[in-house]
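Enquirer: Pasting a structure here, questions to come.
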Amino acid sequence: MPRTQNIDPKEVRKPGFITFGKIPVNQYSKTIAEERENYSDADFIRIYRDMVIIREFETMLNSIKTKNEYRGIQYNHPGPAHLSIGQEAAAVGMAYTLGTDDYIFGSHRSHGEIIAKGLSAINKLDEEVLYSLMKNYFGGNTLRVVEKDFTGDIKELAVHFLLYGALAEIFARETGFNKGLGGSMHAFFTPFGIYPNNAIVGGSGDISVGAALYKKINNKPGIVVCNIGDASMACGPVWEGICFATMDQYRKLWSGEYQGGLPLIFNFMNNFYGMGGQTYGETMGFGILARVGAGVNPDMMHAERVDGYNPLAVIDAFRRKRKILEEKKGPVLLDTLTYRFSGHSPSDASSYRTKEELEAWMQEDSITAYGKSLTEAGITSQETLDEIRENTTELITHILRLSVDPKLSPHINLEADSDAIGRMMFSNQQVEKFDNRQPDTLMPPDENPRVKAIKAKERFYLDKNGNPVSKAKLYQLRDGIFEAIFDRFYKDPTLVAWGEENRDWGGAFAVYRGLTEALPYHRLFNTPIAEGAIVGAAIGYGMCGGRVIAEIMYCDFLGRAGDEVFNQLPKWQAMSGNLIKMPVVVRVSVGSKYGAQHSQDWSSLVAHIPGLKVVFPATPYDAKGLMNSALNGTDPVIFFESQRIYDVGEMFHEGGVPEGYYEIPLGEPDIKRKGNDITILTIGATLYTAVKAADILKEKYGLEAEIIDARTLVPFNYEPVIESVKKTGRIVLASDASSRGSFLKEMAQTITELAFDYLDAPPVVVGSRNWIVPAFEMEKYFFPQPEWIIDAIHCRIMPLKNHNPVHIITDESVIKLNREGV
Ligand SMILES: Cc1ncc(C[n+]2csc(CCOP(=O)(O)OP(=O)(O)O)c2C)c(N)n1
Ligand SMILES: [Mg+2]
């Protein structure tokens with residue numbers, strides 16, 4: 001179904017110029033007197049207090065890190081602490097207007113933002129709500145520590161709760177906000193709208209886009225603020241996130257209430273440095289960071305530089321920018337200038353900047369300057385400000401004392417419960433839908449042209465007479481995946497799918513044909529060529545409470561989403577203390593025919609990463625059942641598909657692929673053919689190679705092979721494999737992944753451990769060569785062939801009578817290839 005936005009050559013070939021508007025730089029100029037209409041005296045003072053709390057919190061940490069001591073309390077904190085001393089005004093200004101429905105994401109240097117956002121939330125929340133929220137968080141484990149012997153009111157208690165939850169988290173205590181599994185660079189607390197902070201520079205750049213999409217697509221209130229550093233502007237996820245967030249389609253193609261820009265502010269906390277590299281004058285070319293907005297879209301992302309040394313200037317900017325987001329004209333880019341007095345980390349000798357520069361910024365210290373402006377305007381007295389500082393110092397001392405006490409604030413006891421973290425890697429829940437509203441669709445399912453076409457297909461590869469069904473009439477593997485996804489779109493209103501060429505084109509390899517007709521833009525859309533953001537945005541969408549399918553067109557492109565797949569998707573469930581769920585399915589199509597950069601099977605790389613479930617079906621029945629399970633779960637699933645078998649019919653499941661809903665649990669291998677003489681365990685499309693090998697074994701050598709299809713790599717139940725090996729005493733493992741370091745090797749090793757006494761010979765792995773994948777014409781020399789399996793059995797397990805192996809495997813050949821690294 002083509003779009004109707006024709007690209008008219010007459011129009012686009014016209015000569016002209018692009019003109020850029022003005023980007024405001026530090027335009028805020030109001031006096032305190034002028035601002036009095038916007039703030040009560042108490043508000044003005046609270047801003048001061050919030051900055052002071054951040055300053056003292058960070059100063060305490062600096063002291064702990066550099067001297068192992070703060071006000072008589074000794075403590076050694078071996079972990080990180082990237083402090084934001086000097087940046088307080090930017091953090092408090094950013095958070096001041098935000099409510100708990102507004103989400104912030106941050107960076108490695110986000111203690112200040114967490115505290116500012118938390119204090120802002122505490123100020124706004126009703127006492128009862130506040131109390132119940134604290135009480136219900138991890139069964140009150142955090143609250144209990146601060147509540148003991150506490151005599152103040154609920155809001156004061158909440159301040160203790162916030163500072164303690166953050167500090168205990170920084171010190172990796174179980175009573176911290178994320179059970180100590182997040183730590184300094186990742187601590188967060190979603191009930192206050194504080195979403196993950198990210199130790200990977202720029203990591204929040206695309207995740208926050210997904211959060212904004214979640215709000216937009218599911219009509220949730222609030223905006224999203226992505227707080228990242230100036231140096232992160234160079235990071236792929238940030239640029240990809242910006243492109244993803246500014247697509248024209250939100251305004252031009254999405255319709256009704258869904259039309260319009262994303263409720264998102266990219267707020268660059270611009271302290272002019274990476275670690276030591278200066279983004280102004282050295283490592284970047286933008287000069288003034290806000291300039292970048294000019295090139296992104298005609299709105300220039302409403303970019304602006306704001307003086308983050310003045311909290312009121314930042315608040316003013318956030319008020320104005322919020323209106324832009326409410327008018328659906330987002331996203332916005334803010335260049336919030338600030339400066340850190342502290343080093344990049346406390347061990348930093350500041351060798352990269354002059355003393356004069358540091359002193360000049362300290363001279364203009366935002367807390368001192370703001371305090372002075374308040375006293376000069378007669379809003380408060382110096383005594384009051386001094387009292388705030390003194391009280392804060394006492395408060396931070398108290399919180400530190402609680403946080404370092406091993407009895408009150410223990411680490412997770414891994415001695416008593418060695419699997420405690422393991423249990424938090426996955427959420428393992430079954431959730432049919434994440435919302436009860438009616439899913440937005442464009443037609444009843446039965447009227448869908450693809451559904452109708454599938455109805456006419458044969459769901460088994462042989463017809464009633466036992467003859468093979470023609471390709472045109474055959475229910476294919478791609479139909480199995482489609483049916484599961486289509487069904488879930490009509491069940492779960494939060495489900496969205498995105499990727500390159502997902503709409504109109506029909507998705508990679510026609511899996512999504514028929515979905516464009518069924519779904520509005522906001523549920524199925526094309527993305528920029530930005531694999532990082534395709535996965536990153538899915539992570540943000542998932543962690544906010546929606547279900548999402550992201551598509552990676554070729555497995556080889558996974559590298560472009562490396563950080564998202566390796567560092568983000570698998571880790572946030574555990575790093576949240578298992579509060580966050582991650583119902584994200586990443587479909588990855590493994591190629592063939594297109595050579596070295598389009599044909600590699602990287603399932604082993606993914607299976608190596610703790611925190612991902614990894615599936616690789618090889619039959620239509622399994623594809624549908626496994627996709628149904630993946631889409632009913634709450635964990636991230638990397639769903640591999642092979643382009644070589646998208647059009648196979650169901651050959652194994654008697655009766656063919658059921659029309660109705662059924663699930664195949666993730667982790668259960670399936671015996672595809674029974675046999676007593678040798679076991680062949682396969683992953684993915686190699687199942688069909690194994691079938692051919694098994695036929696040869698039977699015909700030529702009278703051996704009955706038992707073929708087991710792994711179906712899932714992680715989790716994996718070894719029991720059926722061990723049962724088979726007990727019977728056969730021999731096993732070959734085969735897949736299309738290059739053999740060195742492959743998941744087959746992992747399986748072979750585990751099988752050796754579990755079935756050593758039953759094996760006649762060590763398990764043998766038949767993977768692809770450790771080469772680049774060559775052109776189609778040479779693929780048979782790269783991917784495992786049936787004869788390779790026969791040769792491997794002959795050479796390494798049991799000599800086959802009269803067999804002349806082509807691929808002779810000997811100890812010497814194994815050593816030689818490894819020595820050569822191929
Ligand atoms: C992907 C990645 N590369 C490098 C680092 C090491 N590193 C940590 S912070 C930092 C500088 C970040 O600068 P900026 O984004 O401006 O944030 P700031 O530290 O100034 O707050 C670097 C290079 C990292 N954590 N992640
Ligand atoms: Mg910086």
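The values are calculated or read from the model by the stated rules, or taken from the named source; none is laboratory data. Only a predicted model underlies this, so the values are computations on that prediction, with no experimental measurement involved. Positions of Cβ are backbone-derived with ideal geometry, glycine not excepted, and every protein chain shown enters the neighbour counts.
Enquirer: In the list Ile388, Ile396, which residue meets the criterion of being in contact with a Lys or Arg (Cβ under 8 Å, 6 or more places away or on another chain) and either without any contact (Cβ under 8 Å) to a residue 60 or more places away in the chain or in a helix (DSSP H, G or I) (or both)? Don't jump to the end; show me each part of the working.
Expert: On the way: Ile396 fails: in contact with a Lys or Arg (Cβ under 8 Å, 6 or more places away or on another chain).
Going through Ile388, Ile396 in turn, the sole match is Ile388.
Enquirer: Among what's in segment 82-104 and is more than 16 Å from ligand 2 (Cβ to nearest atom) and of a type in the set (A, V, I, L, M, F, W, C), pick the residue that is surrounded by the fewest Cβ atoms within 10 Å (Cβ to Cβ). Spell out the reasoning first.
Expert: Step one: list which residues in segment 82-104 are more than 16 Å from ligand 2 (Cβ to nearest atom), which gives 92-93, 95-104.
Of the ones still in play, those that are also of a type in the set (A, V, I, L, M, F, W, C) are 92, 95, 98, 104.
On the way: Val92: 33, Ala95: 31, Leu98: 23, Ile104: 31.
Only one residue fits best here, namely Leu98.
Enquirer: Suppose we filter segment 497-508 for residues that are touching a residue at least 60 places away in the same chain (Cβ under 8 Å) and surrounded by fewer than 19 Cβ atoms within 10 Å (Cβ to Cβ); how many remain? Lay out the reasoning, then the answer.
Expert: Start the filter on segment 497-508 by keeping residues that are touching a residue at least 60 places away in the same chain (Cβ under 8 Å), which leaves 499, 504, 508.
So of that shortlist, the ones also surrounded by fewer than 19 Cβ atoms within 10 Å (Cβ to Cβ) come out as 504.
Of the residues in segment 497-508, 1 are touching a residue at least 60 places away in the same chain (Cβ under 8 Å) and surrounded by fewer than 19 Cβ atoms within 10 Å (Cβ to Cβ).
Enquirer: If the requirement is being within 28 Å of Val773 (Cα to Cα) and in a loop (DSSP other than H, G, I, E, B), which of these qualifies: Asn465, Asn502? Let's see the steps before the verdict.
Expert: Numbers: Asn465 fails: within 28 Å of Val773 (Cα to Cα).
Going through Asn465, Asn502 in turn, the sole match is Asn502.
Enquirer: Is at least one residue of segment 490-507 of a type in the set (Val, Ile, Thr) and within 22 Å of Pro658 (Cβ to Cβ)? Reasoning before the result, please.
Expert: Looking only at segment 490-507, we keep the residues that are of a type in the set (Val, Ile, Thr), and these are 494, 496.
Cutting the leftovers down to within 22 Å of Pro658 (Cβ to Cβ) gives us none.
Within segment 490-507, none of the residues are of a type in the set (Val, Ile, Thr) and within 22 Å of Pro658 (Cβ to Cβ).
Enquirer: For segment 641-671, name all the residues that are in contact with a helix residue (DSSP H, G or I) (Cβ under 7 Å, 6 or more places away or on another chain) and within 21 Å of Gln430 (Cα to Cα).
Expert: Passing the criteria: Tyr661, Tyr662, Glu663, Ile664, Pro665, Leu666, Pro669.
Enquirer: Follow-up. Test Gly203 against the criterion of being within 16 Å of ligand 2 (Cβ to nearest atom), crowded, with 24+ Cβ neighbours inside 10 Å and either of a type in the set (Lys, Arg) or within 14 Å of the chain's Cα centre (by Cα) (or both), and give yes or no. Step through it out loud before you land on a result.
Expert: Values: within 16 Å of ligand 2 (Cβ to nearest atom): yes; crowded, with 24+ Cβ neighbours inside 10 Å: yes; either of a type in the set (Lys, Arg) or within 14 Å of the chain's Cα centre (by Cα) (or both): yes.
Answer is yes for this residue.
Enquirer: Quick check: anything in segment 333-353 part of a helix (DSSP H, G or I), over 23 Å from Ser63 (Cα atoms) and polar (S, T, N, Q)? Give the derivation first.
Expert: The first filter runs over segment 333-353 and keeps only residues part of a helix (DSSP H, G or I), leaving none.
No, there is no match, as no residue in segment 333-353 is part of a helix (DSSP H, G or I), over 23 Å from Ser63 (Cα atoms) and polar (S, T, N, Q).
Enquirer: Of everything in segment 59-93, what is more than 32 Å from the chain's Cα centre (by Cα) and aliphatic (A, V, I, L, M)? Give them in sequence order.
Expert: Scanning segment 59-93 gives Met60, Ile64, Ile73.
Enquirer: Same structure again: Please go through (1) more than 16 Å from ligand 1 (Cβ to nearest atom); (2) surrounded by 11 or more Cβ atoms within 10 Å (Cβ to Cβ); (3) within 30 Å of Lys179 (Cβ to Cβ) for Pro346 and return the number of the only condition it doesn't satisfy.
Expert: Status for Pro346: all satisfied but (1).
Enquirer: Could you check segment 673-729 for strands (runs of 3 or more DSSP E) lying wholly inside it with 2 or more residues that are under 40 Å from the mean Cα position of the chain (by Cα) and of a type in the set (Ser, Thr, Tyr)? Can you show your working first?
Expert: Details: elements: 678-682, 705-709, 712-714.
By residue number, 678-682.
Enquirer: Scan the strands (runs of 3 or more DSSP E) fully inside segment 530-648 and keep the ones with 3 or more residues being closer than 30 Å to Gly106 by Cα. Talk me through it step by step, then tell me what you get.
Expert: On the way: elements: 548-552, 584-590, 613-615, 637-642.
Those strands (runs of 3 or more DSSP E) span 548-552, 584-590, 637-642.
Enquirer: Any residue at all in segment 165-180 that's under 16 Å from the mean Cα position of the chain (by Cα) and not hydroxyl-bearing (Ser, Thr, Tyr)? So that I can check it myself, show each step before the final result.
Expert: First pass over segment 165-180, keeping only residues under 16 Å from the mean Cα position of the chain (by Cα): none.
Checked against the condition, which is being under 16 Å from the mean Cα position of the chain (by Cα) and not hydroxyl-bearing (Ser, Thr, Tyr), segment 165-180 yields no hits at all.
Enquirer: Hey, another quick one. Quick one: Ala121 ticks every box in (1) of a type outside the set (D, E, K, R); (2) within 16 Å of ligand 1 (Cβ to nearest atom); (3) in contact with a helix residue (DSSP H, G or I) (Cβ under 6 Å, 6 or more places away or on another chain) except a single one, so which number is it?
Expert: For Ala121, the failing item is (2).
Enquirer: Right, here's the next one. Check Phe244, Phe266 and return the single one that is within 16 Å of ligand 1 (Cβ to nearest atom) and among the aromatic types (Phe, Trp, Tyr). Outline the logic, then answer.
Expert: Working: Phe244 fails: within 16 Å of ligand 1 (Cβ to nearest atom).
Among Phe244, Phe266, only Phe266 is within 16 Å of ligand 1 (Cβ to nearest atom) and among the aromatic types (Phe, Trp, Tyr).
Enquirer: Tell me yes or no: at least one residue of segment 75-93 is in a loop (DSSP other than H, G, I, E, B), among the hydroxyl-bearing types (Ser, Thr, Tyr), touching a residue at least 12 places away in the same chain (Cβ under 8 Å) and in contact with a Pro (Cβ under 8 Å, 6 or more places away or on another chain). Don't jump to the end; show me each part of the working.
Expert: Here is the first cut: in segment 75-93, the residues in a loop (DSSP other than H, G, I, E, B) are 75-87.
Of the ones still in play, those that are also among the hydroxyl-bearing types (Ser, Thr, Tyr) are 75, 84.
This time we only want the ones that are touching a residue at least 12 places away in the same chain (Cβ under 8 Å), so: 75, 84.
Within this subset, residues satisfying the condition of being in contact with a Pro (Cβ under 8 Å, 6 or more places away or on another chain) are none.
No, that holds for no residue.
Enquirer: Moving on to the next point. Of the numbered conditions (1) under 22 Å from Ile315 (Cα atoms); (2) more than 16 Å from ligand 2 (Cβ to nearest atom), Pro78 satisfies every one except a single condition; which is it?
Expert: (1)
Enquirer: Let me ask you something else. Filter segment 410-447 down to residues that are among the basic types (Lys, Arg) and loosely packed, with under 15 Cβ neighbours inside 10 Å, then give me how many there are.
Expert: Total meeting the criteria: 2.
Enquirer: Can you pull out every residue in segment 739-755 that is under 30 Å from the mean Cα position of the chain (by Cα) and either farther than 19 Å from Tyr688 by Cβ or among the hydrophobic types (A, V, I, L, M, F, W, C) (or both)? Break it down into steps so the answer makes sense when it comes.
Expert: Quick first cut of segment 739-755, residues under 30 Å from the mean Cα position of the chain (by Cα) only: 739-747, 750.
Arg740, Gly741, Phe743, Leu744, Lys745, Glu746, Met747, Thr750 - these are the residues of segment 739-755 that are under 30 Å from the mean Cα position of the chain (by Cα) and either farther than 19 Å from Tyr688 by Cβ or among the hydrophobic types (A, V, I, L, M, F, W, C) (or both).
Enquirer: Take segment 508-523 and flag every residue that is within 18 Å of Met443 (Cβ to Cβ) and among the small types (Gly, Ala, Ser).
Expert: If we filter segment 508-523 for residues that are within 18 Å of Met443 (Cβ to Cβ), which is where we start, we get 512-523.
Those that are within 18 Å of Met443 (Cβ to Cβ) and among the small types (Gly, Ala, Ser): Gly514, Ala518.
Enquirer: Are there any pairs with C-beta distances below 6 angstrom linking a residue in segment 713-736 that is closer than 13 Å to Gly675 by Cα to a residue that is among the polar types (S, T, N, Q) and crowded, with 16+ Cβ neighbours inside 10 Å, with the two at least 6 apart or on different chains, and if so which?
Expert: Short answer, once both residue conditions are applied: Ser724/Thr679; Val725/Thr679; Thr728/Thr679; Ile731/Thr679.
Enquirer: I'd like the full set of residues that are without any contact (Cβ under 8 Å) to a residue 60 or more places away in the chain and either touching a Lys or Arg at 6+ places or on another chain (Cβ under 7 Å) or of a type in the set (Gly, Ala, Ser) (or both), limited to segment 760-780.
Expert: Narrowing segment 760-780 to residues without any contact (Cβ under 8 Å) to a residue 60 or more places away in the chain: 760-767, 769-771, 777-778, 780.
Asp760, Ala761, Val764, Val765, Gly767, Asn770 - these are the residues of segment 760-780 that are without any contact (Cβ under 8 Å) to a residue 60 or more places away in the chain and either touching a Lys or Arg at 6+ places or on another chain (Cβ under 7 Å) or of a type in the set (Gly, Ala, Ser) (or both).
Enquirer: For Asn123, state whether it is more than 16 Å from ligand 2 (Cβ to nearest atom), over 18 Å from Tyr339 (Cβ atoms) and out of contact with any Ser or Thr (no Cβ under 8 Å at 6 or more places or on another chain).
Expert: Working: more than 16 Å from ligand 2 (Cβ to nearest atom): yes; over 18 Å from Tyr339 (Cβ atoms): yes; out of contact with any Ser or Thr (no Cβ under 8 Å at 6 or more places or on another chain): yes.
Yes; evaluated as a whole, the condition is true for this residue.
Enquirer: Scan segment 330-388 for residues that are farther than 26 Å from Val25 by Cα, among the polar types (S, T, N, Q) and modelled with pLDDT of 95 or more and report the count.
Expert: 5
Enquirer: Quick check on my filter: what residues within segment 565-594 are touching a Pro at 6+ places or on another chain (Cβ under 7 Å) and in contact (Cβ under 8 Å) with a residue 60 or more places away in the chain?
Expert: Scanning segment 565-594 gives Leu569, Pro570, Trp572, Met582.
Enquirer: Here's another thing I want to ask about it. For Ile122, are the conditions met, namely being surrounded by 24 or more Cβ atoms within 10 Å (Cβ to Cβ), within 19 Å of Thr392 (Cα to Cα) and modelled with pLDDT of 95 or more? Break it down into steps so the answer makes sense when it comes.
Expert: Values: surrounded by 24 or more Cβ atoms within 10 Å (Cβ to Cβ): no; within 19 Å of Thr392 (Cα to Cα): yes; modelled with pLDDT of 95 or more: yes.
In short, no.
Enquirer: Another question, then. For segment 580-593, check the following and say yes or no: at least one residue is surrounded by fewer than 23 Cβ atoms within 10 Å (Cβ to Cβ), among the polar types (S, T, N, Q) and farther than 17 Å from Ala538 by Cβ.
Expert: Yes - at least one qualifying residue is present in segment 580-593.
Enquirer: For segment 322-366, how many residues meet the condition of being more than 28 Å from the chain's Cα centre (by Cα), over 18 Å from Thr283 (Cβ atoms), within 16 Å of ligand 2 (Cβ to nearest atom) and touching a residue at least 40 places away in the same chain (Cβ under 8 Å)?
Expert: Residues that pass the stated criteria total 3.
Enquirer: Next question, about the same structure. Within segment 628-637, is there a residue that is within 20 Å of Val721 (Cβ to Cβ) and either crowded, with 24+ Cβ neighbours inside 10 Å or of a type in the set (Phe, Trp, Tyr) (or both)?
Expert: Checking segment 628-637: not a single residue is within 20 Å of Val721 (Cβ to Cβ) and either crowded, with 24+ Cβ neighbours inside 10 Å or of a type in the set (Phe, Trp, Tyr) (or both).
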